[in-house]
Structure formats: C-alpha cells, structure tokens
Amino acid sequence: MRILVTGGTGYIGSHTTLALLEAGHDVVVVDNLLNSSQESLRRVQELAGRKAEFIQADLLDTAALDAAFDGRSIEAVIHFAGLKAVGESVAKPLYYYSNNVVGTINLLHAMERHDVRTIVFSSSATVYGASEEVPLTEDTPMNAVNPYGRTKEHIEDILSDLGSADPRWSIALLRYFNPAGAHESGRIGEDPTGIPNNLLPFVAQVAVGRRDKVMVFGNDYPTPDGTGVRDYIHVVDLAAGHLAALNYLGEGPGVRRWNLGTGNGSSVLEVLTAFSAAAGKDIAYEFTDRRPGDAAVSYADPSAAHADLGWRAERSLATMCEDHWRWQKNNPEGYAAG
Ligand code: NAD
Ligand code: UFG
C-alpha cells in the first residue's frame, strides 16, 4: 500500500515508518519538523534499505496538505502528528487545540478531497484521565484531565462522528499506554527537546550523564512500593500494532478503538531498577511531591487488540531499558550530532 504518515520523523512515527518500509509498503512522510529532525528518516531508510518520500509541511497549511496528496495515490493515513506535552498544553491550550484538533480536521478534509477514507489515529491512554479502575478497557469512559488529553478525546469524537455520518470511512483509534525503548539497532530512538517530561527519557539522560538525578514524583501512592504504576510498551511492539490495525481496516469500514499496552504495570522504582541493570550503573534519584494530575496506577486490558488484530506486545521491560539505553549511549545528544 501507499501510506501517508503524518509525524513520521517523530519517535513513534519513525519506528512505524521503518516497520512499514520493511513490510513492503510505500511511505510518504509529512512532518513540519517542529519536534523532530530529518536525520531520523535518513536512518530509517538506511535500516530499511529503502526510501520513503519526505514532505516538510504543517497540518495547519491546507494548501501544502492538498499538495501532499495530489497525484500520489495515497490509500491510507497513519496520523501521529501532534503536540504532546501535558504541562505546555495547560499553559497554551489554544496552541494545542489548534495544532492537534484543527490540524486533524484539515487532514480529514484533505483526505476526503482525495478520496482517502482509511485512517489510523494516535490516541492515548490519557483519554481515561485519572480513572483508578484497572485494567483499563476500551469501555472505560473517556475523562481526560488536561487540554492535551482533551485534544485526543475531541479528535476521537470527531472521527467517530465522521464514521457514523459516512460509512465509507475505516477508522482505528489506538490508545497507546506508555511508549518506551528504541529500535534494537540503537540507530533510532526518542529524542525529546528540552527537559524530558516522561520517565524513560529522563532516566536515560541521567544514566548518560546529561542530568544529575531522577525526581520520583510521589512515594505515597497506594501501590506496592508507593510509586506510580504504568504500562510501558516497547515502541517496536507499538509500531507492529499499527500494521495490524491497518490490515484490519483493509477488511471493511467502521470505527474501532483499541488499547495498545502490555497489560502489565511497573512502578517507577521497578523502572529505575531495570534501567540500572541495563546500563550497568546506579541511577541517582530522589523522592519529591506527586505531580498534579497523575493517576496512581494505569495499565491496559489489551485483550481486544489481541482478539481482533492478532497482535500482542512481546518485549519485556528489561528489553525496553536495554534498547533505550543502547540508543542513548550511542547517541548521547540524540540526533543533534547527525
Ligand atoms: P513526537 O513529538 O516525537 O512526534 C510527533 C511529530 O509530529 C513530530 O515529528 C512533530 O514535528 C510533528 N508535528 C507536530 N505538529 C505538527 C503539525 N502541525 N504539522 C506537521 N507535523 C507536526 O511524538 P511521539 O511520541 O512520536 O507521538 C506521536 C503521537 O502519539 C502523538 O500524536 C502523541 O500525542 C501520541 N502519543 C504519544 C505518547 C508518548 O508518550 N510518546 C503516548 C500516547 C500518545
Ligand atoms: N515520573 C517520575 N519522574 C519523572 C517523570 C515521571 O516519577 O521525571 C513518574 C510519573 O509520576 C508516573 C510515571 O513516572 O508515575 C510515568 O510518567 P510519564 O510522564 O512517563 O507518563 P504518564 O503516564 O504520566 O503519561 C504518558 C504521556 C501521556 C500519555 C500517557 C499514556 O506523557 O501523554 O503516558 O499514554 F497520555
């Protein structure tokens, strides 16, 4: 198939682009490079031994979007492009609603104009908010607690309404749990700009000496060791989930939502122990206050994805840490060094 991948130079998009190329698909990447570099795509192509087309364009630029579809016979879209920093979304809600929601509406208009009605969308477990009912199933009500999460909730609603209004659409809403790790080659991985918001990239930067210590947000949660529990999923498993969803969509129209997680929860201290073992060094940490809005425990019931897609996450937390560390050790400054 010929697939247009928005956000394809980013963390999850680059790993999925590699999986698509390896599976024999043709890929057109559209990204404005706001939070990524074209170096990731250069390395993806090197690993795949095949080329993808790159178009630098912003989803808010409708003419550029139309041009990306023009004459390319795109059959499906995987839509990763978006802003994802929770704290920034609280400070700049309009920026987030414009970029994520308006950007998606522009994309959907461009798709309609070009007769493309198959889309896989990057949603998030963040749509479940601070629900304490675990495991989280696709039927757990959406209740996002910050503007970033609400952009995902609104986009899910828009896509559901679109699918109801026009039954020609095939739509997959993939709710990722906590992506971690990197491709086993150590050539591509997560390269956050500024101070990482998420645990794994922060721990990796401490391990490589870019930061002094990890601040552990709360040790008084009602969990076995008092720290927050999450469902970390290897980014390569996540990428495979997109190919499985795309296959499923090929069988017919409709709107479907799936959790992509492992079904296992790990605490912050368990992650620190696993990363320390992978890196072969101690990782300094200190307990501090809880981060506002954080749930104590979040992990998926991934059984629907297994039943419908025949997909399940295969890689362990130890593998995620080993792969994340290989990437960080080989690329201490991320893609900056080229
Ligand atoms: P990322 O920032 O690495 O990738 C997103 C890409 O989108 C970047 O390359 C960025 O330059 C591009 N982009 C942003 N706005 C754009 C616009 N208006 N036009 C064109 N390109 C634009 O993030 P990621 O971790 O790879 O996440 C991919 C998707 O998955 C996002 O939608 C994110 O919200 C979602 N998600 C991520 C996580 C996570 O923890 N990483 C968890 C759940 C869901
Ligand atoms: N944590 C720390 N210190 C840090 C960073 C995180 O102790 O420096 C803790 C958090 O309190 C939480 C756990 O590590 O208990 C994981 O935190 P992350 O920020 O890595 O992940 P979240 O579960 O908070 O959120 C992430 C993304 C969201 C996404 C959600 C579910 O940031 O966008 O996973 O997919 F929606």
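A few remarks follow.
- Residue in segment 163-171 that is within 10 Å of ligand 1 (Cβ to nearest atom), among the acidic types (Asp, Glu) and in a loop (DSSP other than H, G, I, E, B) present: no
- All helices (runs of 4 or more DSSP H) inside segment 241-338 with 3 or more residues being closer than 29 Å to Asn35 by Cα, more than 20 Å from the chain's Cα centre (by Cα) and of a type in the set (Gly, Ala, Ser): 268-279
- Put simply, of Ile119, Ile105, Ile188 the only residue that is part of a strand (DSSP E or B) and away from ligand 2 (no atom under 13 Å from the Cβ) is Ile119.
Here's the yes/no breakdown for (1) surrounded by 19 or more Cβ atoms within 10 Å (Cβ to Cβ); (2) more than 12 Å from ligand 2 (Cβ to nearest atom); (3) modelled with pLDDT under 95; (4) over 16 Å from Arg230 (Cβ atoms):
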{"site": "Glu286", "(1), (2), (3), (4)": "no, no, no, yes"}
{"site": "Arg290", "(1), (2), (3), (4)": "no, no, no, no"}
{"site": "Asp294", "(1), (2), (3), (4)": "no, no, yes, no"}
{"site": "Asp308", "(1), (2), (3), (4)": "no, yes, no, yes"}
{"site": "Glu322", "(1), (2), (3), (4)": "yes, yes, no, yes"}
{"site": "Lys329", "(1), (2), (3), (4)": "no, yes, no, yes"}
{"site": "Ala336", "(1), (2), (3), (4)": "no, yes, yes, yes"}
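- Residue in segment 239-250 that is surrounded by fewer than 17 Cβ atoms within 10 Å (Cβ to Cβ) and either under 30 Å from Trp169 (Cβ atoms) or within 9 Å of ligand 2 (Cβ to nearest atom) (or both) present: yes
- Failed item in (1) among the acidic types (Asp, Glu); (2) closer than 29 Å to Pro196 by Cβ; (3) away from ligand 2 (no atom under 16 Å from the Cβ); (4) not in a loop (DSSP other than H, G, I, E, B), with Glu112 passing the rest: (2)
- Enumeration of residues in segment 50-94 that are more than 16 Å from ligand 2 (Cβ to nearest atom), over 19 Å from Thr16 (Cβ atoms), assigned to a helix (DSSP H, G or I) and not β-branched (Val, Ile, Thr): Ala63, Ala64, Leu65, Asp66, Ala67, Phe69, Leu94
- Among the residues of segment 190-232, the ones that are within 14 Å of ligand 1 (Cβ to nearest atom), surrounded by 14 or more Cβ atoms within 10 Å (Cβ to Cβ) and at positive phi come to 0 in all.
- Enumeration of residues in segment 7-49 that are part of a loop (DSSP other than H, G, I, E, B) and either within 16 Å of ligand 2 (Cβ to nearest atom) or free of Cβ contacts under 8 Å to residues at least 60 places away in the same chain (or both): Gly7, Thr9, Gly10, Gly24, His25, Asn32, Leu33, Leu34, Asn35, Gly49
The values are calculated or read from the model by the stated rules, or taken from the named source; none is laboratory data. Please read all numbers here as calculations on a predicted model, not as lab measurements. Glycine gets a Cβ as well: all are built from the backbone with ideal geometry, and neighbour counts include every protein chain shown.
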